[in-house]
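Below is one structure, written out as structure tokens; comments come after it.
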Amino acid sequence: MKRVVITGMGIYSTIGKNLDEVRESLYAGKSGIGVDPRRREFGFRSALTGIIERPVLKKVLPRRMRIGMAEQGEYSYVATMEALNNAKIDQDFLNQNEVGIIYGNDSSSIPVIEAIDIVRQKKDTALIGSGSIFQSMNSTITMNLAVILKLKGINFTISGACASSSHAIGLAYFLIANNQQDIIITGGGQEVNAESMGSFDGLNAFSKKEDEPHKASRPFDKNRDGLVPSGGGATVIVESLDSALKRGAPILGEVIGYGFSSNGDHISVPNVEGPVVSLERAIKNANINVKDIDYVNAHATSTPVGDEYEAKALDLVFGNHKVPISSTKSMTGHEMWMGGASEVIYSMIMMHNDFIAPNINFETPDDSVLNMNIIHKTTEKKINTILSNSFGFGGTNSTLIIKKYSK
């Protein structure tokens, strides 16, 4: 088994358009959540969302490369270019070496809706346009980035609900560890448009605390009333240690564990048993003890049942080890398909800057976390090993463990 490291990171998020901006927001406990007037026009029960500006790529990419790219593809492109630059990988290197891409994405709503509207109104499918099909497929991010960057390695998309990008990193880790690839671009993208969130809103899944948007996402707090949808793009460059050393790449961390499971239960209601299996499998795969973990970035989305069950799972696995825990979703909202990758990046930023970002809005602890170490204020701390949880509809669970690199 080869050792697997992370050599690059890139982020386009509601709390920052690059790594530096995100670091500042994490340290300050700054929220990226606001109110979307369009959702109010549509009659949404909740108009809350992560606020993010679309990148302008007109002078960056030629039109033929832009027309097939959906909203989440734009975010992911910007994040990927930052990650590649961070990893000291340029286009010449991509042209001359086999580099793969595995990315998490589980929807592409706007292109589908626009195509159907055109057909209904014009009764002519030719008017949909040549770019629509490439925007509307779940694999829109990987197919576009693979072509733009001329990638020649593995190339596919993971659709695993809100664990999509965490699974993507985990599978990239497995492929590299087993000597199937040397370098894989991996991560996740999430559209933020209102159209993609209507069915979630209809389920009453979202917080309704519109009077104070920055206080709406409150993981583990007793008065939480639902999640806040969000999105963006997050990319990590996963590479074999041999490859990284050979090309003198910066080594930001080492992936040492990946765990997964399926609840085999309700399609939308989580349980405790599934996450416990994922956590224990990751810890076993990493060949470490729970006491070796310095920080947990919880999946905790601010839903009443989800937070409670994850807390119970963490309590069962960690026992008397009061590991520091926070959910960065308190600031970003729930970044869904992107969340696993972005939360790895948030955790690694903390690792490299010796602090734990706060679980903001944690004012009244839920009964399920009374014995847990929830970090509600920015805390200075040396971090060597982090664990990140991601869970999703259908009962899919993913857990990643990353540590500081040492020879």
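Brief remarks follow.
- Hits in segment 133-162 (condition: part of a loop (DSSP other than H, G, I, E, B) and farther than 16 Å from G339 by Cα): M137, N138, S139, L149, K150, L151, K152, G153, I154
- The condition of being among the aliphatic types (A, V, I, L, M) and crowded, with 23+ Cβ neighbours inside 10 Å holds for V238.
- The lone exception for S165 - which of (1) of a type in the set (S, T, Y); (2) closer than 28 Å to G253 by Cβ; (3) touching a Ser or Thr at 6+ places or on another chain (Cβ under 7 Å); (4) crowded, with 24+ Cβ neighbours inside 10 Å it fails: (3)
- No other residue among R54, R3 is under 27 Å from T396 (Cα atoms), at pLDDT 95 or above, out of contact with any Gly (no Cβ under 9 Å at 6 or more places or on another chain) and among the basic types (K, R) apart from R3.
- Check on I102, modelled with pLDDT of 95 or more, touching a helix residue (DSSP H, G or I) at 6+ places or on another chain (Cβ under 7 Å) and closer than 18 Å to I237 by Cβ: yes
- Test result for K329, at pLDDT 95 or above, surrounded by fewer than 21 Cβ atoms within 10 Å (Cβ to Cβ) and among the charged types (D, E, K, R): no
- Test: residue in segment 114-122 that is farther than 21 Å from S13 by Cα, among the hydrophobic types (A, V, I, L, M, F, W, C), out of contact with any helix residue (DSSP H, G or I) (no Cβ under 7 Å at 6 or more places or on another chain) and not in a helix (DSSP H, G or I): no
- Residue within segment 292-302 that is part of a helix (DSSP H, G or I), buried (at least 19 other Cβ atoms within 10 Å of the Cβ) and touching a Gly at 6+ places or on another chain (Cβ under 8 Å) present: no
- Subset tally (residues that are over 22 Å from the mean Cα position of the chain (by Cα) and farther than 19 Å from G32 by Cβ) for segment 197-224: 5
- Counting the residues of segment 123-132 that are over 30 Å from T186 (Cα atoms) and not in a loop (DSSP other than H, G, I, E, B) gives 4.
- E280 fulfils the conditions (1) crowded, with 20+ Cβ neighbours inside 10 Å; (2) among the acidic types (D, E); (3) free of Cβ contacts under 8 Å to residues at least 40 places away in the same chain except for a single criterion, (1).
- For segment 358-399, residues that are buried (at least 24 other Cβ atoms within 10 Å of the Cβ) and touching a Phe, Trp or Tyr at 6+ places or on another chain (Cβ under 6 Å) total 4.
- Residue check for S261: touching an Asp or Glu at 6+ places or on another chain (Cβ under 6 Å), among the small types (G, A, S), farther than 21 Å from F200 by Cβ and touching a residue at least 24 places away in the same chain (Cβ under 8 Å): no
- A single entry from T14, T7 fulfils the requirement of being hydroxyl-bearing (S, T, Y) and more than 16 Å from the chain's Cα centre (by Cα): T7.
The values are calculated or read from the model by the stated rules, or taken from the named source; none is laboratory data. Source: prediction; values computed, not measured. Backbone-built Cβ (ideal geometry, glycine too); neighbour counts: all protein chains shown.
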